[in-house]
Structure formats: structure tokens, C-alpha cells
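Data first, discussion second: the structure below is written as C-alpha cells.
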Amino acid sequence: MKIYNSVLLGCLLTSSTAVWADTSEQRIEQLEKKIAKLEKQDTEDQKKISSLTPDIKIGGAVRVNYNYSDSNKDRGGDLDFSLFRLDLNGTIGDIRLSAEYRWYTYMDVVHHAYAAYQFNENWEGQIGVTKVPFGNLDYNSNSFFFSDAFYAGLEDDYDAGLKFIGKFDNHDIRLAYFLNDEAGGSGTNARYSFDVVGLTDLDENGAIIDPFAAPTVGLSESNTINLRYTYTFDNDVVKTEVGGSFLTGELEGATDSLGDRTAYALHLKSNMNNFTLMLQYTDYDYDLDNGDDFVTVGAYAYNDSMPTSATIYNINLAYSYDVDFGAFDNLTFYNDYTVMTDKSGNFKEDTQMNVFGVGVTAGPIFGWVDYVAGTNQPFNNGTLVGDSTEWEHQLNIQIGYYF
């Protein structure tokens, strides 16, 4: 009996030891799996945290300007500080961010500020203060002085809203809705790009009294829809983008609508070797309820007036030449011609501007050297609602350091 009990006890102990060993191994294996899972989760969390960490690059520019014209030639022209600019570009996770703020001697403004998301390989969405998709992009000009479309708010314009950019092989589609201008419809003229800001007083014959006066009635752009489409032909010798743009929107007063506006453009940009040709036809109409022929526009802390309807033509030709001379990298010679015609208000004379110039690149330094000739031209001793036959001339040199 004792022998039997001893054998039984030995079997039980052996069995228990085996069970305990198996259980321990299972527990160790389970613990190892849990540890591996936790380590994997920790790695994934670290990746998520890393992907959500802002990756922002800071850049900017400092620019100065020299101008020589009839008004300042007796003192040898004017040399002035132009601007200091701060750029922020980067990503947070899948969101791309871009912003630019500018300081001038007379104002400081937001140039643009938006967030972008790439939905797929074809479509990107942007929300914020972003470039209006209209006409030749990124610019409808080569010179520092843009084209007449700029002074009518139809070139390099930025507004607040939502934009979608679709790219399919040779097709470029841009759709946008802008709730208001970049200044929130406030009517301030301290802004980068030209927008409608109001109406000004007219005389008994319906002629404008002072084109540079502050508006007596507030007016702003609202609920604007933009459509732009281009197709690019590319045969390895000539690359040509052709397309059209359209916009329509409301003109809002302090309490209700005071009219609406429409504009369309046909445009072409062609590159062959070192040559670039830009052509654009633009037509716009601001249909005011009171029938006025003029609206007040504002930008650069400055008021001007423009016809409520007009047609704008421009033709630009540029030649880019890479150089290896000291610090100089590239010289781009250009001639930009623009004319605003068929202006509302019974004008006899058109607005015209021709700019012959050269863009100079030397490492981080870029400059424009422009000889400007114009009549009834903003920033050339004129206004879009002028009716002068006199041509004004100036030499302008803008130089900037970009970082």
C-alpha cells in the first residue's frame, strides 16, 4: 500500500510539474505576445505623433525699390524700402499649409493663408485666403507692374473661400467658391490685391468727381463662383496651354445686394526653347442696381476707381537666358503690353501700358528693371477712369533678397 501511495504521489507530482511547466510556458508566451503588441502599438503611436508634428519651413524676402520719373527726377529719383515678407510652408500630417504675411512702410497685410488636402493623385482642395483661379497663372505678366487685369482685380487676386484643383494628364480644372474678399468684406484698402470697396460721388452728369476719394457707399464682393479650364499641348518642342476662365458673383452693400458681376477670359501661354508668349482677352461687367458707371477699388492702402465694364487685352513676350557671370544666374528679357478699352463712362481714351524690362537672378537675389510707358495707368501717374492723351514714363528697379 505504501509503495502504491508513493507511486501515485510521484505520478501526481510529475503531472503537476508538467502542467505547471506547460502553464508557465503559455503564460510567458502570452506575455511576450502582449509585450510585442504593446511595442508595436507604441511604435505606431510614435509614428502618428511624428506625422502630426508640424514640419514648417520659414522663408521670406526683403526688397528695396528705386524709381526715376518726371515727378522726382530733379532730386535724382527715389530709393525706398519696399517690403519685408515672411513665408510659412509645410505640413501637419496629411494637411499642407501655406501662409505669407507682408510688411510695407504704409501697411501690413496677409498675402495668403490656406490649408490644403490631397484627396487623390488628381484632386487637391484648399480652404482659406487663396489665389483666385482666373486667367493665365501664376501671373498674366512678367514685370513688377503686372497687367491692367491686376488693377481690375482679375490677376494675382486672393480671396477667402474654398478651391479645388484637378489635374488629369493634359487637363487642368479649377473650381472655387469665395464667400468674400481677403479682408472679409470690410471695405479697407489695406490689402494686397485689388477688390471692389465701394461707390463714390458723381457729378450731375454722372462723371466721377475724384477717382481717388474714399467711397461714400460701402460695397464688397460676395458669393463668387470661379471656373477655370486649360489644356496643354506638348510636342517636346513647343508647350502651349490654352483655356478659359469665368466668374460670377454678388456685390453686397451694408444690408443687401447692390448688384452683381461677371467676367470671363480666354488665355494662352506658350513656351518654345527660351521664349514664352502670353496672350489674354478679358471682359468684365459690374451690373450695379443704381446704374453707375464706376466703382471704387482698393489695395496698397490706396483708393482708385475703375469702369464698371471694360475689355482688357494683353500680349507678353519673354526670353530667358542662363548666364555664368559672377553672381548672376539668369536674365529674362520681356516686353509686356496691356490695354483696357470699351470702358463704361463714355471715355474717349483707353488705358494703356507697355513695360520693357529684364528680370535678374543672382543666387538668392532677384530683381526687376522696368521701363514703363503708360497712359491713364495706375501707379504711373494715372487712373483707370482717366481720359488723358498724355503718356507718362518711369524707370523702376525693384531688388529683393529671398531666404
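The values are calculated or read from the model by the stated rules, or taken from the named source; none is laboratory data. The model shown is predicted, which means the values in this text are computed figures rather than measured ones. Backbone-built Cβ (ideal geometry, glycine too); neighbour counts: all protein chains shown.
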Within the range 201-223, of all residues that are closer than 18 Å to T255 by Cα and among the polar types (S, T, N, Q), the one surrounded by the fewest Cβ atoms within 10 Å (Cβ to Cβ) is T216
For N381, state whether it is modelled with pLDDT under 95, closer than 28 Å to M107 by Cα and of a type outside the set (D, E). yes
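Condition check ((1) on the phi > 0 side of the Ramachandran plot; (2) modelled with pLDDT of 95 or more; (3) not small (G, A, S)) across all residues:
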{"position": "S309", "(1), (2), (3)": "no, yes, no"}
{"position": "I312", "(1), (2), (3)": "no, yes, yes"}
{"position": "Y319", "(1), (2), (3)": "no, yes, yes"}
{"position": "D322", "(1), (2), (3)": "no, yes, yes"}
{"position": "F325", "(1), (2), (3)": "no, no, yes"}
{"position": "F333", "(1), (2), (3)": "no, yes, yes"}
{"position": "D342", "(1), (2), (3)": "yes, yes, yes"}
{"position": "G345", "(1), (2), (3)": "yes, no, no"}
Just to be sure, is T383 in contact (Cβ under 8 Å) with a residue 60 or more places away in the chain, crowded, with 18+ Cβ neighbours inside 10 Å and assigned to a strand (DSSP E or B)? no
Does at least one position in the range 245-268 carry a residue that is over 24 Å from F178 (Cβ atoms), out of contact with any His (no Cβ under 8 Å at 6 or more places or on another chain) and of a type outside the set (D, E)? yes
Can you name every one of the strands (runs of 3 or more DSSP E) wholly within the range 68-124 that holds 3 or more residues which are touching a His at 6+ places or on another chain (Cβ under 9 Å) and not hydroxyl-bearing (S, T, Y)? 95-103
When you check G187 against the structure, is it at pLDDT below 95 and either surrounded by 14 or more Cβ atoms within 10 Å (Cβ to Cβ) or farther than 26 Å from P378 by Cα (or both), yes or no? yes
N346 being over 26 Å from the mean Cα position of the chain (by Cα) and within 23 Å of L83 (Cα to Cα): no
In the set N136, N140, the lone residue that is in contact (Cβ under 8 Å) with a residue 40 or more places away in the chain, out of contact with any His (no Cβ under 7 Å at 6 or more places or on another chain) and part of a loop (DSSP other than H, G, I, E, B) is N140
Report, by residue number, each residue of the range 83-128 that is among the small types (G, A, S), touching a Gly at 6+ places or on another chain (Cβ under 9 Å) and over 24 Å from Y300 (Cα atoms). A115, A116
Please note which strands (runs of 3 or more DSSP E) are completely contained in the range 159-248 and include at least 3 residues that are under 20 Å from the mean Cα position of the chain (by Cα) and within 30 Å of E121 (Cβ to Cβ). 171-181, 220-234
Members of the range 119-138 that are of a type in the set (S, T, N, Q), more than 14 Å from R174 (Cα to Cα) and touching a strand residue (DSSP E or B) at 6+ places or on another chain (Cβ under 6 Å): none
Going by the conditions given, is S245 touching a Lys or Arg at 6+ places or on another chain (Cβ under 6 Å), surrounded by 15 or more Cβ atoms within 10 Å (Cβ to Cβ) and either closer than 16 Å to N290 by Cβ or among the small types (G, A, S) (or both)? yes
